[in-house]
1. Please give the number of the condition ILE110 fails out of (1) over 13 Å from the mean Cα position of the chain (by Cα); (2) in contact (Cβ under 8 Å) with a residue 60 or more places away in the chain.
2. Could you pull out the residue among LEU56, LEU109, LEU64, LEU105 that is in contact with a Ser or Thr (Cβ under 9 Å, 6 or more places away or on another chain), in a helix (DSSP H, G or I) and modelled with pLDDT of 90 or more?
3. So which residues in the range 24-44 are β-branched (Val, Ile, Thr) and either surrounded by 14 or more Cβ atoms within 10 Å (Cβ to Cβ) or in contact (Cβ under 8 Å) with a residue 24 or more places away in the chain (or both)?
4. Pick from the range 20-53 the residues that are part of a loop (DSSP other than H, G, I, E, B) and not basic (Lys, Arg): which of them is farthest from ILE69 (Cα to Cα)?
5. Here are some conditions: (1) surrounded by 18 or more Cβ atoms within 10 Å (Cβ to Cβ); (2) not in a loop (DSSP other than H, G, I, E, B). VAL17 meets all but one. Which one does it not meet?
Amino acid sequence: MKRPLGISIIAVYAGLVGLLPFAVGVQFFLDSRVSAWSAILQLLPATIVFLFVFGLWKLRRWGLWLAVIYYIFIVLYTFPKILEVVTSTSFQFKPYVAMISWQILVSILILTYLFRPSIRSIFNQNAVRQLPEGQD
């Protein structure tokens, strides 16, 4: 089955975004002044991103659900941060406000796309095709 363009764009975008925490995690492992836990905390999200990118690219259902869980987590994690910054009495627009807003917007757009019935059906059809003989 042919991969939709939107899935390809999401996979490439997520893969590129996942490179930053991966590079930071590797750098943390190489730096003796930083604890191993800090490196793991950087490498864990990067690993999850690379797993769901592979799953989306190969149209695997687990890749779809891993991406959904990841982006829901991003929205739930970043939304309170933006509310805290915007509602503070000393609010000043700073670059991280734009970055957090961008993360929320992109995550919601990706989730909206992934929940489209036509996209979910592609992953469901691919899951049925992968079953061994006699198990469909």
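1. The failed condition is (1).
2. LEU56
3. Correct list: VAL24, VAL26, VAL34.
4. Checked the range 20-53; the qualifying residue farthest from ILE69 (Cα to Cα) is SER32.
5. Result: VAL17 passes all but (1).
Rundown of residues vs (1) over 13 Å from the mean Cα position of the chain (by Cα); (2) under 22 Å from ARG120 (Cβ atoms), yes/no style:
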residue	(1), (2)
PRO4	yes, yes
PHE22	yes, no
ASP31	yes, no
ILE48	no, yes
ARG61	yes, yes
TYR71	no, yes
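The values are calculated or read from the model by the stated rules, or taken from the named source; none is laboratory data. Just so you know, these numbers come straight off a predicted model, no measurement behind them. Because the Cβ atoms are built from the backbone with ideal geometry, glycine has one as well, and the counts that use them run over all protein chains shown.
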